[in-house]
Amino acid sequence: MLVIAGALLIFFLGMYSWNQTTHTLDDLSTDIGLEVGGAVLSPVRAAQDFLGGLWTRYVDLVAVREENEALKAHVATLETRLLANSEDLAELRRLRILLQVPVDNNWRPLGARVLSGQIGPNAVLNTITINRGYATGGRPGTPLLTNKGVVGRVLRASAHSASVLLMTDPGSRIAIFTQDSRAMGILHGNGAMRPLTVDFVPRDAGVRRGELLVTSGLDGFYPKGLPAARVVSVEPSNYSEFLAITAEPLVDLQHLEEVLLFEKTGQAPEVEENATSPSQFVGPPKPGKARRK
Amino acid sequence: MSGLGNICFWLIFTAAGLVCEMLVPRIDALVCGLIVLLQERNFKTLVWLLPLFVLLQEGLGSRPFGGSVVWYAVIVLFFHIGERFFNSGTFVFVFFLSAACGAASYALNVLMAPLQDLEVNVQQLIDSSLLQAIFLPISWCVVHYLRLCLPASSQPNPVKGENLHKIGV
């Protein structure tokens, strides 16, 4: 009995080590498990949405008139704000052409439906499952967001389903900068329902409470400029040379239904053809030459 | 009905289990299928269904491959140990087995976490282990009665144990 148990243990450890180096079993289980899981959960989610839609559209119509009026007023406000910002937008386009700053158009947005939250005993990370896989635009590493901000990125993918690591997971790291003070840092999660932390922001950065944190694009996963979180508290750290900053996600990660994937298209950024070429860049004089003069 | 009915039953059970896992996060809803199959000594079905369970749980989870293999191995071990002391077809047996499974779920997660370089959320782990321990007897009752309702030809005969399909004996 002990010999059999020992042999099984050795076999398991061998299989585990082999899989750690080759990821063969990880890939196989992801392909089969996620694909079958997605195929089972997609109709369930669709039925759930259908029944929920029936209820909200045809039965539960309490206070719809008031909500409609409030929404109309909100749309009017947003239209006014859009008109006011249109001149700034046109100016930004002109300046970009003038400075030949390429527009980052190598990301393509794709819609996806959330199938479920954590499934099964092995779902130890803060993840959700979506109905897009590597064959439909959800390759591992693809960033996800909603109209409010960043959600996370694809962790594992089968052909038509993928599991997404949420930004609140302790293993999630996002390169960000603060929108006003332009201080760079690393945003990391501390678990579901817990505030996020921003690391490596210098003490003199001038970060304020309520400031927006946007992706810097330096991590290679997220495009530059996506809103990720809002600063909740800022104070000097007791243990390091940096600020101790906590932040909250802009998106309600507990109630996600639809998300947007940003798939890399692989296209090079566009450069205006008729724009004048920039004059040769002249940097500061070399220290040695300046001294000789 | 016999062979095909049995396969259909377990495929529907697997799909229903996944829906349960979607509704109740971090529990293994398929494990009661393994216990029922062990009680029925239906090893033919176990041969194809257990690898499917392992692949599904590993694929839907976020840990490197291996946790589910150990988890199901521990349940089989507990089943065989418990079988020596209790009649394996009774609710009392399943109740004790589920308590042991809840404890095993906690212990395995704590043991596997450093091996896979993962942080352990103790509170979350205790909650999911308790949920697992509570969920198992309930789901076992449902599956057990469903199996009793099926035509006898679709169930393989147990090799030993006369009252395997009697609850609460």
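So the values come out like this:
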read-out	value
Qualifying residue in the range B:95-117 (condition: crowded, with 21+ Cβ neighbours inside 10 Å, more than 11 Å from every other protein chain (Cβ to nearest Cβ) and either at pLDDT 90 or above or not in a helix (DSSP H, G or I) (or both))	yes
Verdict on B:VAL69 being within 15 Å of A:ASN122 (Cβ to Cβ), free of Cβ contacts under 8 Å to residues at least 60 places away in the same chain and surrounded by fewer than 18 Cβ atoms within 10 Å (Cβ to Cβ)	no
Those residues of the range A:29-48 which are more than 7 Å from chain B (Cβ to nearest Cβ) and free of Cβ contacts under 8 Å to residues at least 40 places away in the same chain, in sequence order	A:PRO43, A:ALA46, A:ALA47, A:GLN48
Lone unmet requirement of (1) within 12 Å of chain A (Cβ to nearest Cβ); (2) aromatic (Phe, Trp, Tyr); (3) surrounded by fewer than 23 Cβ atoms within 10 Å (Cβ to Cβ) for B:PHE78	(1)
Checking A:MET193 against (1) at negative phi; (2) over 12 Å from the mean Cα position of the chain (by Cα); (3) of a type in the set (A, V, I, L, M), the condition it does not meet	(1)
Number of the condition not met by B:VAL31 [criteria: (1) buried (at least 21 other Cβ atoms within 10 Å of the Cβ); (2) touching an Asp or Glu at 6+ places or on another chain (Cβ under 7 Å)]	(2)
Residues being in a helix (DSSP H, G or I) and within 9 Å of another protein chain (Cβ to nearest Cβ) - total across the range A:14-26	7
Unique match (being more than 10 Å from chain A (Cβ to nearest Cβ), surrounded by 20 or more Cβ atoms within 10 Å (Cβ to Cβ) and within 30 Å of A:VAL154 (Cβ to Cβ)) among B:LEU60, B:LEU49, B:LEU18	B:LEU49
Residues (acidic (Asp, Glu) and exposed (fewer than 10 other Cβ atoms within 10 Å of the Cβ)) located in the range A:49-68	A:GLU66
Strands (runs of 3 or more DSSP E) within the range A:179-236 that include 3 or more residues modelled with pLDDT of 90 or more and within 27 Å of A:ASN106 (Cα to Cα)	A:184-188, A:212-215, A:227-236
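The values are calculated or read from the model by the stated rules, or taken from the named source; none is laboratory data. What you see is a predicted model, and the numbers here were worked out from it, not measured in a lab. Positions of Cβ are backbone-derived with ideal geometry, glycine not excepted, and every protein chain shown enters the neighbour counts.
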